[in-house]
Amino acid sequence: MAVSKVAIANRALTKLGEARIIALDDDSQSSNTMDSMFDIVCEAELRANLWHFAKARAELPALSEHPAFGYTHQFQLPSDYLRLVKISDVRATPRPTVGGWYSIEGNRILIDHPGPLRIRYIKRVDDPTLFDALFVEALACRLAAEACETLTQSNTKKQAMWAEYEQALQAARRANAIERPALAISDDTWLEARN
């Protein structure tokens, strides 16, 4: 079966024990619920995790207009941008300084770098045929959890759906469909003594 928004919505509805739909614009509570939340939940899931199929690269030219203060240059983010992964070869994580080494403000990135700025980012993917199979499963679980209250009024089922969502994320991590950032090694007195 080809992956489509309706197929993913039906996967979520099946998890809830609800009847399948033919289209997202059917005149039913299930289709109205799925239609109202599908794009928002999909974008939130893409932004929440570093899914490999949604990664993209861009080389951004510096804008002629400089930031009012704090940084020397600014760059326009791509129109399909959802989340920053790397700037050049540095993972885009906050630094423990007062101002940080970059700032995303609106649809621009402000930084003390003359450009061009090479970034890796998570992009918006609207075509379900491009989705990773494990993303489809995680998205269906998340849709089921989000729609559960409206469709079933069952807190028990809602908790079960969130647990199933977490299991889907773990399966994706095991299969490397989601990149996990490297974890910092905590200070250890034994290691410090050796140094």
Take the eigenvalues of the Cα gyration tensor for the stretch 1-77, scale each by 5, and report the square roots as semi-axes in whole Å, largest first.
-> 40, 14, 11
Taking the Cα-to-Cβ direction at SER79 and at ALA48 and moving 7 Å from each Cα, how far apart do the two end points lie in nm?
-> 2.8
Residues of the stretch 16-174: accessible area per residue at 1.4 Å, in Å²?
-> 55
Which pairs, out of LYS55/LYS158; LYS15/LYS123; LYS86/LYS123; LYS5/LYS123; LYS15/LYS157, put more than 20 Å between their alpha-carbon atoms?
-> LYS55/LYS158; LYS15/LYS123
Carbon and sulfur together cover what percent of the accessible area of the stretch 1-56 at a 1.4 Å probe radius?
-> 52
Quick one: net charge around ALA138, please, counting Lys, Arg +1 and Asp, Glu -1 for every other residue with C-beta under 14 Å from its C-beta.
-> -1
Where in the stretch 22-37 does the amide nitrogen come within less than 17 Å of the point 7 Å from the Cα of ALA171, taken along Cα to Cβ?
-> none
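The values are calculated or read from the model by the stated rules, or taken from the named source; none is laboratory data. The structure presented is a predicted model; accordingly, all values stated were derived computationally and were not measured. With ideal geometry, Cβ positions are generated from the backbone for all residues, glycine too; neighbour counts draw on all protein chains shown. Accessible surface areas use protein heavy atoms only, side chains included; no ligands, DNA or RNA. Shrake-Rupley method; radii C 1.70, N 1.55, O 1.52, S 1.80 Å.
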